[in-house]
Amino acid sequence: MAGAIKTPIYKDFDLNMKMHPVTGKLIMRKNSDAVKQGVKSLVLTDKGERPFRPLFGSDIRYRLFDLMDPALEQNVKSDIEYAIQSYEERANLLGVGVDAEPDTNNLRVNITFSTRNSEAPASVSLTLEAIR
């Protein structure tokens, strides 16, 4: 089948660094699982944390100490959207939901996307809490 277009396969190491019980090699994450891991890592990374990539990340952890109101939800949503659109080219962002929980000082974040090699939606859910 000359000229057939191959669908890219996205692969990343599992960040838990677990070894496969049979082969002894690092476990790999593929396609949507790899992109989910990348999105979560990107969102939880503070700007300036990565050497030589000072703008990489979302800085949302700093916002956890702001007043929990609709403006905070919108700012966090915008930060996450910008980070994913700028640094995770494997994801087609479909939506970001942010719900502030003032009583517990938490933010619940739900990110929905599809990978560029599939149209099936995937999501990442995070609960971020300010620890004092």
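Find the centroid of the Cα atoms in the range 94-128 and in the range 28-67, then give the distance between the two in whole Å.
Measuring centre to centre over Cα atoms gives 13 Å.
Measure nothing but the geometry: give the 0 to 90° angle between the long axis through the Cα atoms of 70-87 and the longest principal axis through the Cα atoms of the chain, rounded to 10°.
20
Pick from Gly48, Gly38, Gly57 the residue whose mean-square fluctuation is largest in a GNM of the chain, springs joining Cα atoms under 10 Å.
So, out of Gly48, Gly38, Gly57, the one fluctuating most is Gly48.
Assign unit charges at the C-beta atoms only (+1 for Lys and Arg, -1 for Asp and Glu), then state the dipole size of the chain relative to its Cα centre in Debye, rounded to the nearest 20. Provide the component values of the computation, followed by the final result.
On the way: 18 positive and 18 negative charges, 171 e Å.
Magnitude of the dipole: close to 820 debye.
Kindly provide the Kirkwood hydrodynamic radius of the range 3-132 in Å, to one decimal, from all pairs of distinct alpha carbon atoms.
That comes to 16.0 Å for the range 3-132.
Which number gives the lysine pairs in the chain that have C-alpha atoms under 26 Å apart and are eight or more places apart or on different chains?
Close lysine pairs found across the chain: 17.
Which net charge results when you count Lys and Arg as +1 and Asp and Glu as -1 among the other residues whose beta-carbon is under 15 Å from that of Gly57?
With Lys, Arg at +1 and Asp, Glu at -1, the neighbours total 0.
Starting from the range 49-111, pick out the GluC sites (Glu not before Pro) whose DSSP state is loop and whose Cβ has at most 14 other Cβ atoms within 10 Å. Before the final figure, lay out the partial values.
Values: sites: Glu49, Glu73, Glu81, Glu88, Glu89; in loops: Glu49, Glu88, Glu89.
Qualifying residues, ordered by number: Glu49, Glu89.
Expressed as an acute angle from 0 to 90° and rounded to the nearest 10, what is the orientation of the C-alpha long axis of helix 32-44 relative to the principal long axis of the chain?
The angle comes out near 30 degrees.
Which chymotrypsin sites (Phe, Trp or Tyr not before Pro) in the range 6-88 pass both tests, a DSSP loop state and at most 15 other beta-carbon atoms within 10 Å?
Phe52, Phe65
On alpha carbon coordinates alone, what is the Rg over Rh value for the range 77-132, Rh being the Kirkwood radius?
1.05
Read the figures in this text as sums done on the coordinates, not as results from a lab. Small disclaimer: the values here were computed from a predicted structure and weren't measured. Neighbour counts run over all protein chains shown; Cβ positions are idealised from the backbone, glycine included.
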